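Worksheet for the structure shown next.
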Amino acid sequence: MPIFKAFSALSASLLIAIMLQLLYANVAHAQERAPGQAQAPRVNHVIEIDLSELHPTQGVIAHAQVAYKLNRYRFEPQKRLDDICEARGLGRAMQIQTASLHLPNCTGDGQPPKFNELKTAIVGPGGQLYLTDGHHTFSIFYEMPEGGADFTVSVLITHDKSELTDAEFWRWMQQNQLTWLRNAEGHAISPQQLPSKLGRSNIANDDFRAALYFLRGLVWSKPAPSVPFVEFYWANHLREQAMLQPPANLENMQTYMRWLSKLAGYIGGMSGDIVLNESGGREQQTAAELGKFAAGTERELEALICDSQKLGKLAYALLDTNAAELRHCVFNQQPIASAEPEVAEGLVLAMIEITSGSQQKWQQNHSDENWLEWELENGSPRWVQFLGYPANYGIIPNTLLEKSEGGDGDPLDVLVLGSPLQQGELIAVRIIGIMTMLDNGEQDDKLIAVDPNHPVFGAVTDIAELTETHPAIPEILQLWFENYKGESGSVTDVRFESRLVAMEILERAR
C-alpha cells in the first residue's frame, strides 16, 4: 500500500496524538542544561540555565515594577510559585510548598511547556546566550530571597546567530527589534554599555517605563499583536514633554500618584494620531495604534493604591516607604463584623482573628478595633511555620488583664473548637475551660470555647467532658502550641483548668 494511503487510513485524532507525542519527546529532550554543551542549544528548543548565564539586551528596566512583585511575594507566597511555574511554561503552582523553588510542583508537570509563556533567548557569538524577553521577571527571580545568580530558569531558544561577529550580531539584533539600546535618559548607548547581569543593582532604572507599567489598563493597553518595546516608545515620548518630568521624591506615594495623574491626563488628552516611534527606521505607529484608550474610556487611578481593602500595584511597590499610610489597605484586609449577635445567658461574645487551618497570623488592630491586621515579623507578614491553627483563634472583646494579674495587656485570647469560622466574625460561644501556659517565661493563657450550635461540640460544658469524649483534643492543642513557633518559642507549664477557673479569669478581665 502506498505510504500516503496508509496514513490516510489513520484517524485524524490518532495522527494528532502521534504528532503531540513526537513534539513532547523533542521538548523533553531539549530541556537540558545549556552550560557545558558541546554545541549551541538548538533553535525552538527549551533549555534550563542559571540566571547568571543570561546576558541582558536592554539597558534599563522599571525598578518599581520589580519592587511591586517582590513585596507582593512577601504577602502571597503562592503568587511567587505561580510565577515560577508560568515562567517555565507549566501553568500554575499546585499549592504552597516547601520544596525547592527551582522546581516547584506545577499544574503542567509532565506536559510540554507552553511556548507562549516562556521567556526567550538567542545564541550569540561565542555561544553566549542573550535574553530577549523576561528582563523584569528574571530580575525579580534574581533578587528574591530564594533566587540569585544560580537560580535555574527555562528559556526558549528562538535564533542561533553564533556564526556572526559581534558587530554583525548587534546590527542584526537592532534590525529585528530584539534589543533596546538606550539609557535611562533615552539617549542611545552602544552594545558594550549594556549591563552584564540581571537585577536592579546592574540594570538602570527608567521612571517613565515604570509609569507606563502602572498606567497600563487605565489609560492605555498593549496592542495586539504585541509590539516590541511598546512601553519604551511611550516612555520616550512622555520624557520629551518638559511639563511631565518626574518629581525628585518618587518614594512618597502621594507624590508618585500626582505625577501619574499628570501623565494620565496628558495621555487621555493627546491626539491618537501622534506618532510615538519616529526613530530607528521602523514603521511609524501612532498613539492609538500603540494602545491609547479612546477619550472618555480611561479608568480611575485610585486602584493603584487601594481597591476594596486590597493592595494596589503602586502601594506594593512603595510599601517599604509608605507602610504606615497604607496600613488600612495593606495590612487590614479584613473588617470586623459590625452587627453583634445576641448573646444568651451563659455565653460570651468572641471575635475570630484566625480561621482554623490558617497559617497566617492576624490580630486586631490596636489603633482601630474595627479592623484586623496581618501581624508583621521583621517587616514581613507573619506565617506560622507549622501546621495551621488547630482551632479558630480570636479574642473576647472589651476584656483586658494586666500583666500584674497574669495577663499580657491585651484582650483575652480564645480558642473556639469546631468548624472553620470566618475572619472578623462575631460569635456567641460557651467558655468550657482555659489552657494556661508560659511562653518564653511569660503568662500566655488561652480560653477554650465551643459554638453552642455545633453538632459535635455544641453540648460540651466543661473541659472535663471534652477530655472524656475527645481525649486527643487537649493533647493536640498542647502539642501544637509547644511547637508552632519552632526554635523561637518555648512554651512550658501547660495545664488545662475547668470552666469555673476560666470564668473567674474572664470576670477579672472585664
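The values are calculated or read from the model by the stated rules, or taken from the named source; none is laboratory data. Here the structure is a predicted model, which is why all the values come from computation and not from measurement. Ideal geometry is used to build each Cβ from the backbone, glycine not excepted, and the neighbour counts take in all protein chains shown.
So here's what we get for this one:
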quantity: Conditions (1) charged (D, E, K, R); (2) more than 26 Å from GLN174 (Cα to Cα); (3) in a loop (DSSP other than H, G, I, E, B); number of the one not met by GLU289; calculated: (2)
quantity: LEU376 vs. criteria over 18 Å from ASP493 (Cβ atoms) and of a type in the set (A, V, I, L, M); calculated: yes
quantity: Options SER271, SER221, SER261: the member that is outside the structural domain of HIS55 (by TED's automatic domain parsing) and without any contact (Cβ under 8 Å) to a residue 40 or more places away in the chain; calculated: SER271
quantity: Residue within the range 38-46 that is surrounded by fewer than 19 Cβ atoms within 10 Å (Cβ to Cβ), at pLDDT below 50 and not in a helix (DSSP H, G or I) present; calculated: yes
quantity: The lone exception for ASN332 - which of (1) closer than 24 Å to LEU477 by Cβ; (2) modelled with pLDDT under 65; (3) not β-branched (Val, Ile, Thr) it fails; calculated: (1)
quantity: Out of ASP445, ASP493, ASP439, sole residue that is within 19 Å of ALA350 (Cα to Cα) and either in the same structural domain as PRO390 (by TED's automatic domain parsing) or not β-branched (Val, Ile, Thr) (or both); calculated: ASP445
quantity: Residue match in the range 472-485 (condition: of a type in the set (Asp, Glu) and touching a helix residue (DSSP H, G or I) at 6+ places or on another chain (Cβ under 8 Å)); calculated: no
quantity: Candidate set: the range 264-312, residues that are of a type in the set (Lys, Arg) and within 26 Å of the chain's Cα centre (by Cα); chosen: the one modelled with the highest pLDDT; calculated: ARG299
quantity: First in the range 106-132 and closer than 14 Å to ARG42 by Cα, second anywhere and modelled with pLDDT of 95 or more and charged (D, E, K, R), Cβ under 8 Å, 6 or more apart; calculated: THR120/ASP133; ILE122/ASP160; ILE122/LYS161; VAL123/ASP160; VAL123/LYS161; GLY124/LYS161; LEU129/GLU53
quantity: The range 234-276, subset small (Gly, Ala, Ser) and surrounded by fewer than 17 Cβ atoms within 10 Å (Cβ to Cβ), residue nearest to ALA295 (Cα to Cα); calculated: GLY269
quantity: Hits in the range 229-260 (condition: assigned to a helix (DSSP H, G or I), over 16 Å from TYR213 (Cβ atoms) and small (Gly, Ala, Ser)); calculated: ALA242
quantity: Filter pass, ASN183 being touching a residue at least 12 places away in the same chain (Cβ under 8 Å), closer than 18 Å to ILE61 by Cα, in the same structural domain as GLU53 (by TED's automatic domain parsing) and among the polar types (S, T, N, Q); calculated: yes
quantity: Residue in the range 196-210 that is touching a residue at least 40 places away in the same chain (Cβ under 8 Å), loosely packed, with under 13 Cβ neighbours inside 10 Å and of a type in the set (Gly, Ala, Ser) present; calculated: yes
quantity: Residue check, LEU181 on the phi < 0 side of the Ramachandran plot and surrounded by fewer than 22 Cβ atoms within 10 Å (Cβ to Cβ); calculated: yes
